[in-house]
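Here's the structure, in structure tokens; my notes come after.
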Amino acid sequence: MFDFFTKVERLPVKVYCQMLERIPRRLVAPLGFAMVLAGIILLVWLLNRSPLSGQSTTSSQMSEGDEPQVQVLFTATPAAVVALAQDASSSPAGPTETPTPQPPTVVALGDGLPAALAQAMNQLAEDNERVLLAPGDGATAGLSLNWQPPGAEQPGGVAVYSQVYALAARFDTTFPQTESSLIVDLWRDAANEDAVYNRMVVLSDTLSALVSVLGNAGPAVQAVAEVDELIDAAWADESTLVLLPFDTLTPELVIFAVDGQNPVDNRFDAEAYPLVATVYAYSSAPASAGSVLAELVSASGGTNRYPDRLTVLAMTGVTAMVRETAYQMDQFGPEWVAEVVGPELAAADITAVSNEVPFVPGCVTNTSADNLTFCSSPDYMAALEAVGADIIGLTGNHQNDYGRTDALTSLDIYAEAGLPVYGGGRTKADAFAPLYIEHNGNRLAFLGANSYGPDFAWATDDGPGSAEFDINILSATIRAVKEQDKAEIVLVELQYQESYGVDPLWDQRQNFRLLSQTGADIVTGVQSHVPQAMEFEGGRLILYGLGNLFFDQMWRQDTREGLIVKHTFYAGRHISTQVLTTLLYDYGQPRWTSDAERESLLDRVFAASYWPRLVP
């Protein structure tokens, strides 16, 4: 049958016509019916032979010796598929259309956007031909970024960047805390004549952001162009507050806690803090803008304050758990000394304790005021644990009071407790070696030395002790750390010559300043039993003496007083220092000062300090 239709198919059309004319008319209808019936039968036969019918011929169905069968598959053309679809559905289907190219996303940038966000957007436009920056007033933009929060006039905004601001004043401010309501009052209206603060200075390119948070600025607000001008304005007038982005902070300013939240603290809660400005994105075509915004947030980071780039370091003054302090610890437990200040110290990411005295097994408490040969019971390690000590400074002049063998035992006790040491060690090389600590990407190097002596307190080539002070060795080490990029921040701790006055000794100041000029970011004196003056050298902080932390010197007000400093580092920079004040009770337990005690203490310290920005 297949051959027959093949042969017929090859005849000319004229022959077909002649054959049809010879058929009697009475037979045309029956023949036509027969041909239709034959066609139907043929079609059914073909469909049953096709794989589409569900029948298939496989090798397992072939008998041995059978020849492979050739299967002719029915392949529908695109037009046939369309026809079948039209038959199956009442709705017509047209040909497949080529997607229409989407127009570029045109972006308008509002005034005063954060530099990181603007730079990310510019880079995105440079790298992606589908992103364009709107010219002029941005009237052609399909995507706008600005500080205006969503509302009736601008609905549907999406937050893409949050900028944390810090309220600050000159560093020698005694009480750096306030409430947001007072900030708003000063911002919008001129302050009262008797108000503590009557002027607010900001950076001119942050006005738009701050207006979105605080409202329109009043007459008390002044704008300057540069951060250095802002710092000068703060130092020029004690009644001036400044507002600046968190990532531009400098240690020459003290940062305020607002409504109990301080952005330089590692416990900061941005949700409870009022000084956060938000950039919003508004789009006329959200679908096309979504990918652009995702790339923008990824590139800019979405904020100027990342908690995982911040480190808080707490540093303390003299710790000597001996004599009357030891007696109290024996009576009330080793943790007694840390009951009040311990939680605050432990809250720091890194807590450094300068412990002048070795841990000696079998140490017997001697309460005599004439006793100057010191040891501490190993049980007193619990006090260091209670303050969350992470590293120990060993520049003290009592490290070898009980001999080098016991000094080595004390080093073993630190090692077993997992406490790294600096400024002292098993040999001179160990004592001079920097201690490197990395936290949240901030690389810190700790150095220490003892200029007081005595000779037997210093480490030797093969014996333990503190590092002997040598300005040349320390300076060379500071330069090497910086030049070899082993740390961004270098902290030097010195056990200098003791004095009982708020003013540093003349040579003390010269040596501390020289180390700062060499590159030390913070230089701290841990020898003084009274709080001493402070100074900024090229923007770097010098603390000449912190006073006592744990010691029994109760005979004078200033020997009872102490300073705890909490340094904040962010993205490899020292950005702030908080000064906390304590007062000793019961021969060894420091407690927080009252407001009056704090004011008295800091007035003396700040008055004796050296502030370069106050020099004409």
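Inspect all residues belonging to the stretch 522-543 and state whether any of them is touching a residue at least 12 places away in the same chain (Cβ under 8 Å), open to solvent by 60 Å² or more (accessible area, probe 1.4 Å) and among the charged types (D, E, K, R). Yes, the stretch 522-543 has at least one match.
Every test in (1) surrounded by 24 or more Cβ atoms within 10 Å (Cβ to Cβ); (2) of a type outside the set (Asp, Glu); (3) assigned to a loop (DSSP other than H, G, I, E, B) is passed by Thr367 save one, and that test is (1).
Per the listing Thr316, Thr248, Thr311, the residue uniquely over 30 Å from Ser144 (Cβ atoms), polar (S, T, N, Q), touching a helix residue (DSSP H, G or I) at 6+ places or on another chain (Cβ under 9 Å) and touching a residue at least 12 places away in the same chain (Cβ under 8 Å) is Thr316.
One residue alone among Phe469, Phe512 is more than 30 Å from Arg309 (Cβ to Cβ), touching a strand residue (DSSP E or B) at 6+ places or on another chain (Cβ under 9 Å) and open to solvent by less than 60 Å² (accessible area, probe 1.4 Å), and that residue is Phe469.
The set of residues from the stretch 326-349 being assigned to a helix (DSSP H, G or I), out of contact with any helix residue (DSSP H, G or I) (no Cβ under 7 Å at 6 or more places or on another chain) and either among the aliphatic types (A, V, I, L, M) or touching a residue at least 12 places away in the same chain (Cβ under 8 Å) (or both) comprises Ala326, Tyr327, Asp330, Glu344, Leu345, Ala346. Identify all residues within the stretch 489-507 that are closer than 17 Å to Leu447 by Cα and not in a loop (DSSP other than H, G, I, E, B); write none if there are none. Within the stretch 489-507, Ile489, Val490, Leu491, Val492, Glu493, Leu494, Gln495 meet the criteria.
The single residue among Val279, Val211, Val224 that is more than 26 Å from Lys566 (Cβ to Cβ), touching a strand residue (DSSP E or B) at 6+ places or on another chain (Cβ under 7 Å) and surrounded by fewer than 20 Cβ atoms within 10 Å (Cβ to Cβ) turns out to be Val224.
Cβ separations smaller than 7 Å between residues 6+ apart or across chains give the following pairs from the stretch 589-616 residues that are of a type in the set (Asp, Glu) to residues that are open to solvent by less than 60 Å² (accessible area, probe 1.4 Å): Glu597/Leu583; Glu599/Thr174.
Okay, residues lined up against (1) surrounded by fewer than 10 Cβ atoms within 10 Å (Cβ to Cβ); (2) at pLDDT below 90; (3) in a loop (DSSP other than H, G, I, E, B):
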site	(1), (2), (3)
Ala79	yes, yes, no
Leu84	no, yes, no
Gly94	yes, yes, yes
Glu97	yes, yes, yes
Gln119	no, no, no
Gln123	no, no, no
Glu129	yes, yes, yes
Ala141	no, yes, yes
Gln148	no, no, yes
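Residue-wise test of (1) at pLDDT below 95; (2) open to solvent by 10 Å² or more (accessible area, probe 1.4 Å); (3) out of contact with any Pro (no Cβ under 7 Å at 6 or more places or on another chain).
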| residue | (1), (2), (3) |
| --- | --- |
| Thr206 | no, no, no |
| Asp228 | no, yes, yes |
| Ala234 | no, no, yes |
| Thr248 | no, yes, yes |
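The residue that is surrounded by the fewest Cβ atoms within 10 Å (Cβ to Cβ), among those in the stretch 431-466 that are part of a helix (DSSP H, G or I) and out of contact with any helix residue (DSSP H, G or I) (no Cβ under 9 Å at 6 or more places or on another chain), is Asp455. Restricting attention to the stretch 192-202, does a residue exist that is under 26 Å from Val160 (Cβ atoms) and either open to solvent by 30 Å² or more (accessible area, probe 1.4 Å) or modelled with pLDDT of 95 or more (or both)? Yes: the stretch 192-202 contains one or more residues that are under 26 Å from Val160 (Cβ atoms) and either open to solvent by 30 Å² or more (accessible area, probe 1.4 Å) or modelled with pLDDT of 95 or more (or both).
The listed residues are Arg560, Arg556, and the only one of them that is farther than 26 Å from His439 by Cα and touching a strand residue (DSSP E or B) at 6+ places or on another chain (Cβ under 9 Å) turns out to be Arg560. With the requirement that a residue be touching a helix residue (DSSP H, G or I) at 6+ places or on another chain (Cβ under 7 Å) and either at pLDDT below 95 or open to solvent by 50 Å² or more (accessible area, probe 1.4 Å) (or both), what does the stretch 472-495 give you? Those that are touching a helix residue (DSSP H, G or I) at 6+ places or on another chain (Cβ under 7 Å) and either at pLDDT below 95 or open to solvent by 50 Å² or more (accessible area, probe 1.4 Å) (or both): Ile473, Arg479.
The values are calculated or read from the model by the stated rules, or taken from the named source; none is laboratory data. Every value quoted in this text rests on a predicted model; they were computed, and no experiment measured them. In this analysis, Cβ positions are derived from the backbone assuming ideal geometry, glycine residues included, and neighbour counts consider all displayed protein chains. Just the protein is used for accessible areas: all its heavy atoms, side chains included, with ligands, DNA and RNA removed. Shrake-Rupley method; radii C 1.70, N 1.55, O 1.52, S 1.80 Å.
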